[in-house]
Amino acid sequence: MELLNFEGQSVLDSREVAKMTGKQHSNLMRDIHGYINDIKPNSKLNSADFFIQSTYTDKNNQIRPCYLLTKQGCEFVANKMTGKKGNQFTAQYVTLFNSMKETIENEPQAILDQLHKEWGVPTTLGGALQLAANQQVEIEKMKPKVDYYDSQMRNPGLMTVTEIAKDYGWSAKTLNKELHKRGIIFKQGKHWVPYAKYAGKGYTQYEPFDYQHSNGRPGVHNNLKWTQKGKKFIYDLLAKDGIKPVTEQMNLLEA
């Protein structure tokens with residue numbers, strides 16, 4: 001069981017909630033429809049603060065409806081339950097959301113501890129100066145990477161996965177598969193979204209895209225795009241496996 005990320009907030013898939021509460025998913029969906037209908041008449045309330053419409057692909061490759069429940073949505077469902085199952089569900093979702101909050105709060109120290117463990121990052125000024133001196137001889141070796149940052153990373157604004165993939169001579173589909181393989185993003189319905197672990201880091205943003213349904217009714221999709229910080233994250237992630245942008249590969253060959 002894992003919290004998902006939707007536009008920067010942690011959510012639970014209604015299918016997971018159904019398992020946690022011991023309900024059939026269809027029955028939980030029916031209940032949520034009723035809750036939304038009760039909320040709608042109050043103009044001061046927004047049902048999307050509790051229940052977010054979504055979809056998933058079933059084992060027969062059919063698109064099915066589901067909901068993403070925010071913490072408030074889980075509280076709403078829990079308040080409708082009584083007895084042992086209600087108490088167990090409350091304990092589970094509270095633990096999940098609190099664990100995520102603790103992870104986010106402790107992340108800076110965890111990163112420092114990991115850097116010290118894996119790379120021996122010094123904790124004193126003398127150690128830092130010695131490390132800087134040792135690294136001086138490596139600067140020339142890093143020149144292709146620096147050149148790539150100079151030409152690519154200074155470009156402000158959001159980028160599509162297609163634009164980033166072109167740097168590697170890949171399609172968007174190939175890059176998405178690589179990121180999924182490394183546990184960075186997953187498919188939610190028709191869209192790729194980052195796992196909660198990578199939410200709130202400034203790597204991605206959602207950009208609304210207007211479209212029309214086949215019946216002429218207007219709709220809006222939230223397209224996932226990558227920031228320059230996110231592009232650098234992808235670069236570093238792939239570079240660990242020796243995967244470099246095409247331009248950098250050419251620079252290395254020329255050198």
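The values are calculated or read from the model by the stated rules, or taken from the named source; none is laboratory data. All values derive from a computational prediction rather than experimental measurement. Cβ coordinates were reconstructed from backbone atoms using ideal geometry, including for glycine residues, and neighbour counts include every protein chain displayed.
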Filtered residue count, the stretch 21-79, keeping only those that are touching a residue at least 60 places away in the same chain (Cβ under 8 Å), surrounded by fewer than 18 Cβ atoms within 10 Å (Cβ to Cβ) and not hydroxyl-bearing (Ser, Thr, Tyr): 2
Residue in the stretch 28-43 that is in the same structural domain as GLU75 (by TED's automatic domain parsing) and part of a strand (DSSP E or B) present: no
Criterion (basic (Lys, Arg) and in a helix (DSSP H, G or I)) met by exactly one of LYS84, LYS23: LYS84
Counted residues, the stretch 79-101 - those being of a type in the set (D, E, K, R) and touching a Leu at 6+ places or on another chain (Cβ under 9 Å): 0
Selected residue [under 24 Å from PRO194 (Cβ atoms) and either of a type in the set (D, E, K, R) or at pLDDT 90 or above (or both)] from TYR35, TYR93, TYR56, TYR67: TYR67
Residues satisfying the stated conditions in the stretch 230-255, i.e. modelled with pLDDT of 90 or more and among the basic types (Lys, Arg): LYS231, LYS232, LYS240
